[in-house]
Each structure stands twice: as structure tokens, then as C-alpha cells.
1. Considering only residues that are buried (at least 18 other Cβ atoms within 10 Å of the Cβ) and small (Gly, Ala, Ser), look in the stretch B:33-87 and name the one that is farthest from the other protein chains (Cβ to nearest Cβ).
2. When you check C:GLY224 against the structure, is it in the same structural domain as C:THR288 (by TED's automatic domain parsing), part of a loop (DSSP other than H, G, I, E, B), touching a Gly at 6+ places or on another chain (Cβ under 6 Å) and in contact (Cβ under 8 Å) with a residue 12 or more places away in the chain, yes or no?
3. With respect to A:ILE51, is the statement that it is over 20 Å from C:PRO192 (Cα atoms), among the β-branched types (Val, Ile, Thr) and modelled with pLDDT of 90 or more true?
4. Can you tell me which of (1) within 7 Å of another protein chain (Cβ to nearest Cβ); (2) in contact with a Leu (Cβ under 9 Å, 6 or more places away or on another chain) is the one A:GLY286 doesn't meet?
5. Counting just the residues of the stretch A:248-273 that are under 24 Å from A:ILE196 (Cβ atoms) and outside any loop (DSSP other than H, G, I, E, B), which one comes out farthest from the other protein chains (Cβ to nearest Cβ)?
6. Can you name the residue in the stretch C:297-341 that is more than 11 Å from chain B (Cβ to nearest Cβ) and among the β-branched types (Val, Ile, Thr) and is also nearest to C:ARG284 (Cα to Cα) among such residues?
7. Out of everything in the stretch B:9-21 that is surrounded by fewer than 21 Cβ atoms within 10 Å (Cβ to Cβ) and more than 14 Å from chain A (Cβ to nearest Cβ), what residue ends up being nearest to B:LYS60 (Cα to Cα)?
8. Is it the case that the stretch A:328-336 has a residue that's touching a Phe, Trp or Tyr at 6+ places or on another chain (Cβ under 8 Å) and either without any contact (Cβ under 8 Å) to a residue 12 or more places away in the chain or assigned by TED's automatic domain parsing to the domain that holds A:GLU204 (or both)?
Amino acid sequence: MPAVTLREVARVSGGTVVGDGDRVINGVCSPAECREGMLCVVWDHGILELIPHNIPVLTKSGTLSGRDGIEHESPREALVDLLTLFDRRAARTPGVHPSASLAEGCSIGEGVYIGPCCVLTEGANIGDRTVLQGNVFVGRDVVIGSDSRIEACVALHDFVEIGSRVIIHSGVTVGCDGFGHVQTDGGWRKIPQIGIVIIEDDVEIGPNSTIDRATFGVTRVRRGTKLGSLLHVAHNCDIGNDSVMAGCTGIGGSVTIGRGVIAGGMVGIADHVTIGNGVTIAGRSGVTKNVRDGLTVSGFPAQEHMVETRFQASLRHVRDHTERIRKIEKILEKSGLGDKRNDEL
Amino acid sequence: MPAVTLREVARVSGGTVVGDGDRVINGVCSPAECREGMLCVVWDHGILELIPHNIPVLTKSGTLSGRDGIEHESPREALVDLLTLFDRRAARTPGVHPSASLAEGCSIGEGVYIGPCCVLTEGANIGDRTVLQGNVFVGRDVVIGSDSRIEACVALHDFVEIGSRVIIHSGVTVGCDGFGHVQTDGGWRKIPQIGIVIIEDDVEIGPNSTIDRATFGVTRVRRGTKLGSLLHVAHNCDIGNDSVMAGCTGIGGSVTIGRGVIAGGMVGIADHVTIGNGVTIAGRSGVTKNVRDGLTVSGFPAQEHMVETRFQASLRHVRDHTERIRKIEKILEKSGLGDKRNDEL
Amino acid sequence: MPAVTLREVARVSGGTVVGDGDRVINGVCSPAECREGMLCVVWDHGILELIPHNIPVLTKSGTLSGRDGIEHESPREALVDLLTLFDRRAARTPGVHPSASLAEGCSIGEGVYIGPCCVLTEGANIGDRTVLQGNVFVGRDVVIGSDSRIEACVALHDFVEIGSRVIIHSGVTVGCDGFGHVQTDGGWRKIPQIGIVIIEDDVEIGPNSTIDRATFGVTRVRRGTKLGSLLHVAHNCDIGNDSVMAGCTGIGGSVTIGRGVIAGGMVGIADHVTIGNGVTIAGRSGVTKNVRDGLTVSGFPAQEHMVETRFQASLRHVRDHTERIRKIEKILEKSGLGDKRNDEL
């Protein structure tokens, strides 16, 4: 674990030292796990008083006084630099491990690391400085760009194209057959899935997710998009740039998602739905219809979030309705209006 | 990419050429991705006008005129033949890769391919022409039939039986312990899971799915059934013939599912539920009770689809009820009927 | 398959023989799959009459008469011993398979089994009698205790700590990056995930589940807890002792779960939620707020189970409300009270 001064932290993150810049820290902690030698990251400066005075803090500009720390306009961005500083997982030394299996016709760039028991089949093409951690399977003619990181037990199937600076976490499969079958008299007949998958630059795919190949054509995840864990992208989807979708989500076949979309976890999206740019999808929503640009949706079937919120709130009144209706009926009965003949209307 | 004439396409798929049978195509495209040299597949002949005239189409019999193409009674079935024609993923050349690890007592059929870093433990038995793609783990005494395809990073545990023409996609686990524990004074005690799993002929299992072994007895997926991605089958399930269940679905312990069942994605089925033959389960349903043959169910708790639809529609009236009840109360109050004394009924 | 006498079964499980103690059995079956030579396990002694008389049974004390079998105060606990007796999956013979890849500085205990194509990177430390089944990836400085079982195609990433008697099923990933990104003008910037994961003693993790490392600090699963299949634990979670959570569940970032919590399948828990000790969460619930000790919750958003049950029941009355309100309106109209002017109130 490196030891750095607050001055160094400020320099790296673009923040400002308050108090003793020579103060040395060995790591980062949250308010709940404060301890000596750490820099405590505080999003909500309202709780600053609760942090022991001897622990330096990283917080928003203009809120520190009388204690050591770093002020930053965006503490969250500063944290990124700070964590990079303390990341113990050093880069792999380039090389191909002797237990890796490389078929003929593979092309390996400069500074590539191919870990133990990785399997590269014919025509695989790995760009400079890309890391294949271990037990990775790479199918025929797969292309991976430079500076990408493919973690353990990942399967990249034939003809898949992966961009540069892509991170694919362990257990992910890219390019398995899409799920398509035709009903015939002799049972279900498989529709061959001969399309490909393209994962563009700067994409990140969470552990154990599955991105299926297109029936024909392309399943595409566009530049800068981040997908969570245990997330399924079915055949022929097109997911736009710079979107972020949390884990445990299922995206049906031929779904189109715009750029800058943000989705919570456990979302379901039905086949063939189109979701516009800048849409926000609340966690656990089930989207069954197209969504216009910029909308926030929630619920199942998902609808505009404000409408869904009012709808859900309305349901809380049903028990009250039962009582009020009963009372009204009694009044009418008592008054002789709600008698039998009226009931038979 | 092979180049074939429309005449050849018609011959292979059983369709009829319209126009120039010598016309050469190099692949298949959708209306949205039309381009020169491709055959455009059109399900909805209403949009035929929108496809550039120089692109030949595959569509329903009796709808083409004045342009090149193929007519077929079932374009969807024709597509299966067509995609097979253009599938570039050629069969593996038989053989056992030197990096594969075969324990003593394994039995390997004719024309089998066992890819790099595959692991076969004692007594594994692989049928003719079956492919194990790479990084596959095969437990003790596992039996796999002929012409099956086991993709990458699959784990098949001790005593599992896999039929012929089965496809198991990457990242699948078959035969992990079922989830069973007994509460004791000393905490949860594991119930050993000593049963097996039988995957019958012509089954397909989507990537990263999990099929657990039975506590005792058998977890079974019957002939011709197709399961999607990230789908969980718990211990002691019995899934009938020719059923199709989409991905992200969780099937509880000891669930029995009939034949010809069709289920959408993200469905949950509670432990011990029995689902009849020919049942349809809408996506995202949560099935908590037995379902009779032939029924279509939806919702959570799932009920007959028409009942659920009416139920959901009824909920849209609650806000209206609030207003109407308020109005009625005002009327009664104004008329002197709804006064204090009545309120206290 | 071993053959044992009822007397032996009684001895091992602490039960009492009824009838012929020399009777030999070869395995265990359920009432639905009764067959000669097996011991039939019967939870519900009301169905004893339906079990063929020649099949011995295991059932509750004081309910057997006139047939062979075992009585036990807790048949479910007896079953655990019984299944252990018939478990054919014998322990692996200790040793390191020649195809395994061990980096320098690994430390391997006594009686350890490291199967084919396992990968251990620098500093991995494996405790006595622990089994790594095959195709397992172990990152830098990972520590695993004794008597643990790591199944196939598991990925344990750098600095992860696994306790003793832990079972990690196939396809699990432990210690992949948590899902965290900061929105900047140039798109999403990854927050480095430099924390660790600690899996304490006696934990079991179901197949294809994912346990993410902490952003900084620790993601922790405490002693004795059992997690199901395809279950996601996000960064910085803390899951208490002796909890049991079924499969297909997604647990958001920084969630704290108490001890003795029981959760059904397909549950979602939102980021930062705290769940108390002894809480029960019904299957398919979506927990969005903190839950007090001992509560049972269900629904989405999850609330106290009795409240949710009443709420759901109330919704079944909405269609009835529509009719009753219409009837009341007609009565008022007829009586001249509900006329136009009143409508305009």
C-alpha cells in the first residue's frame, strides 16, 4: 500500500490542500469505516462533525475549516484519481503464458498479456497492451482492440469484434446464439444465428452477463456504454453510446436503446421495443412499449414516471373507497333511496 | 461468405423463384439494413414497396410481382435453410486438443472434437461427433450423446446425462448442488444433493443458465425443449417436451412443467408448482399456483390472462372513483342526507 | 451405490428402527418415485397409506406401525445423514494436476486437490484439504481456508479472502469490479474498485452468482450464510451470519443485511438499504427502504407482509366499486339529487 502526502493527493486530483500538506495517508475510507492513516471521503459535508478530528477528509470546496484535508469541486471525480493512486492490482507483465493455447493464424499485438489456460482459435487478433486474464476462450476471427481487459472464464465467440479500452468481466459470454426457434409439426426448429456482435470502444460489461449474436446482421453495444452484472442482451439489440444499465436486467431481441440512457437494476425490456435518447428507466421496470427521448419511466407496464407515481398512489385509496361506498349505501338505504328496486336498476 | 443464386436458394428452402433465378446473393438482410448483394427477408409484405427495387426479397407466396425474389409458404422456415447456407461457423475438425486433460476411463466416440483446456474426469463418455468447444469441465461418469455441442466454459458435474443433438451454450452449469438447507440450533445444515440431472435429446440451454441436480432422484429437461439465457432450473424440476422458455427466468425446486409450454422472459415459478401441457406464461409473470392444461396466465400472482387483463384495467379507474365518491358525498351532504349523524353509522 | 441395513441407517441418523432392522436399502426415494430397494422419505405421514407396503419409509416418530422403516424426531435432519451415506461423489485424491498452472509464491496446504487447468496467480494461499475442481481462476494473493470446495469455472479475483468449509459453485465470480462510474463531460468515467471481498467460514454460494469487490473497504458475506444461484451481491454489501437467500436475487450497492435473514427468490434490494436481523423477505419482493428487525415483508415497494396482503386484497374490489358507484349515481340521478348542477360542483 503506497503512502502519499495530502499535497500529492491534491496534485493528482486537482484539489486544494487545507491544513498540513505533509500529512501522509495510506488509503481511503468511508465515514462508517474511519481509521487512522486513511483519507475519509465525505459526500455530505453535513456529517463532517461526526468524523474524528484526527482523520483528514476529502470533501466539497468551501466546507473544510480547522482540520486537515482536501477540498475539491467534484469530490466524486477526485475519488477516481485517488483510487487509481491506491490500486494495488498492478498491470500484468506482458507475455503469453506457456499453458495458453494459440491456434495458427492468431495475431498478437505489442505488450499483450495472455494468461494461463487461455484459448485462442484460428484468426484471433489481439490489439496492443490488451490483457486476457486466464481461462478465456476466444473464437475464430475474433478481433479485440488495444488496452482492453478481458477477465477470467470469459467466452468470446466466432467473429465477435471488441473495441479498445473495453473491460469484460469474468464469466461473460459474447456471441452465443440468439434465442430463436420456429414451431413446426416436428417440434421446435432452431433458427441458425449467423450474425455477429460488435462491442465498441470504452464499453464495460459486468460479470456473468450474456450478449447474444444477431440472427443475421449485428448485435451492437456502442461506445462508452456500461452494463452491469448478470445482464442479458438478446440478438440484434443496438444499445447506444454512453448509456449505463445496472445489473440483473434482461433486454429482449431487436431492442434499440438510444444514447445516454440510464437504467436501474432488474429491468425487463420486451422484444422490438425502441427506447429514445436520454431516457431514464427506474429499477425493476418492465418496458413493453417504445419510449420517447428524454422520458423517465417506471412500473410494469412502464409508463411516464409521474403518471406511474400518481397511479400507484391512487391504489392506496381503494380500502378507503370500500368504506366510503359502504357508508353512502347505508345512507341511501336509510333514506329510502337505495331500496331493492333501485338495486335492480 | 458463399455466393449463391436465387435458384439455389429456392431449391434448398423449397420456395419458388420469381424473376431472375441466376441472380447471385451473398447473404441475408433485414428491411432496416438492406444493401446490394443481399436477399432481404420481409415478414410483412405490406412494406415491400419500401424495399429498393434492386434488392431481391424473400416473402410470402403470392405477394411478389415485378421484382426478383423467392416466394415461400412459410418464409420463417425458409429462413432457417437460408441461414444454414450462409453459416460461416464451419464444423470443427475432429480430434482431441493436446491441452485437453482426459482422465483414465474416458470413452470418446468417432469424430468427436475436444477443444483446448477441456477437462474430462474419470468415466466421462462422449458420443460420436459431439463438440466440446474449449475450457469445458466434465465431471465423473458424465454421459453425452452424439452430435451435441457443448460451448465454452461449461461445467457438467458428476453423473449428469446429456442426450444427442443437445446444445449447451457457454457458461452453463449442469448438476451443481440444489439449494437445500435444514435449520438447526447450530445454524443451517446443508442437505447433500446426491441426485442427478438428465438433459434429453434436442434440448438447447442458453448461456450462463444453471440446472441444479436433484436432492435425490432426477432433475429432468425433456426432449426438444429450449431454455433461454441466465435461466435457473432448481433441484428436482421436470420440464416437459417441446417447451420454450425465454431467458432471465427462475424455476423453483420440484416444479413440474408440461409439454409444449411457452414462457416469456423474467418469469418466476414458485417451488412445487405444477404447470400443465400447452400452457402459455406471459413475460414477467410470477406463478405461485398450479396451472391447468392449455391456460394462458400472466401477472403476479399469475392468473388467467383475461382475468388479469381485466383486473389491471380495473385499477386504472381508481382515481376516477376517488372523484366520483367525493362528488356523491358532496351531493349527499348538500341534500342533508350525508350529515354528521349518518357519518357515524 | 452402497447397500446398508435399516439398522445402520438408524444408527447413523439417530433414529429408531421399526420392523426388520436387517432389511437392506440401496438409496432414498420420494413418494412419487417409490421403488423396490429404496427408503421412501415421507414428510407428511398422512400419505403413508399410499406408499406400497413393501417399501420401507423414513417418517416422524410415533407414526409407523405394521411396516418396516425408520422413525425420527426430525426426518429432515435424518435425511441429511442419510444422503451423506449414499453420496457417490467421493472426495478427490489430493494432488495438483499437471495441467494446473501455479505461479511462484503460491502456498498450498496439506491434502489439497487442484484439478486440471486451474490457474493460481502469485501469492495464492490454499488451506488444508481444500478442493479446486477444475478450470478455476485464482487471482493474486487470494486466501482460501481449509476444507473448502471451489467448483469448476470459478473466478476469484485479486486479494479476495475465502474462509473454511466454504462451498463456491461453478461459474461464480468473486471480486469483479463493483459497478461505479462518474458522469463527466467526456462520458462516464470508471471509479476504480480497489476494495476486497471477504467470504467467511461455512458460506455457500450458488452457481453463476457474482459477488463484487468493494469500491474501497470490504464486501462481506458473513459466517454460515447460504446464497442461491444467479444471485448478485454488489460492491460494499455486508450480509450477516446464518442468512439464506434464494436464487435470481439482485442486491444493490452498500446494502447491509442482518443475521438470520431468509429471502425467497427473485428479490431486488435497492442501493444503501439496511435490512435488520431475522427479517423474512417474500419471493419477488422489491425492497426500497430499510426494514426493522424481525419483520416479514413482501411486494414492491416491499412493506410489512400483512399490510401488503391487505393492500393486494383491497385491489380485488375495484371492479365491484365501479358497479356500486354507478348504481349510486343512478339512484341519485333518479331521485333528482345527482342532476347536472350537482355534477358541476
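1. The qualifying residue farthest from the other protein chains (Cβ to nearest Cβ) is B:GLY69.
2. Spelling it out, C:GLY224 is indeed in the same structural domain as C:THR288 (by TED's automatic domain parsing), part of a loop (DSSP other than H, G, I, E, B), touching a Gly at 6+ places or on another chain (Cβ under 6 Å) and in contact (Cβ under 8 Å) with a residue 12 or more places away in the chain.
3. Yes: the conditions hold for A:ILE51.
4. So A:GLY286 meets the others, but not (2).
5. Just the residues of the stretch A:248-273 that are under 24 Å from A:ILE196 (Cβ atoms), to begin with: A:249-259, A:261, A:269-273.
Pick out the ones that are also outside any loop (DSSP other than H, G, I, E, B) and you get A:250-251, A:256-257, A:269.
Details: A:GLY250: 4, A:ILE251: 9, A:THR256: 10, A:ILE257: 15, A:ILE269: 9 Å.
The qualifying residue farthest from the other protein chains (Cβ to nearest Cβ) is A:ILE257.
6. C:VAL297
7. Restricting attention to the stretch B:9-21, the residues satisfying the condition of being surrounded by fewer than 21 Cβ atoms within 10 Å (Cβ to Cβ) are B:10-12, B:14, B:16, B:19-21.
Now restrict to residues that are more than 14 Å from chain A (Cβ to nearest Cβ): B:10-11, B:16, B:19-21.
Values: B:ALA10: 13, B:ARG11: 16, B:THR16: 10, B:GLY19: 15, B:ASP20: 18, B:GLY21: 17 Å.
Per the stated criteria, the residue is B:THR16.
8. no
The values are calculated or read from the model by the stated rules, or taken from the named source; none is laboratory data. Predicted model only: the values in this text are computed from it and were never measured. Cβ sites come from the backbone with ideal geometry, for glycine too, and all protein chains shown count toward neighbours.
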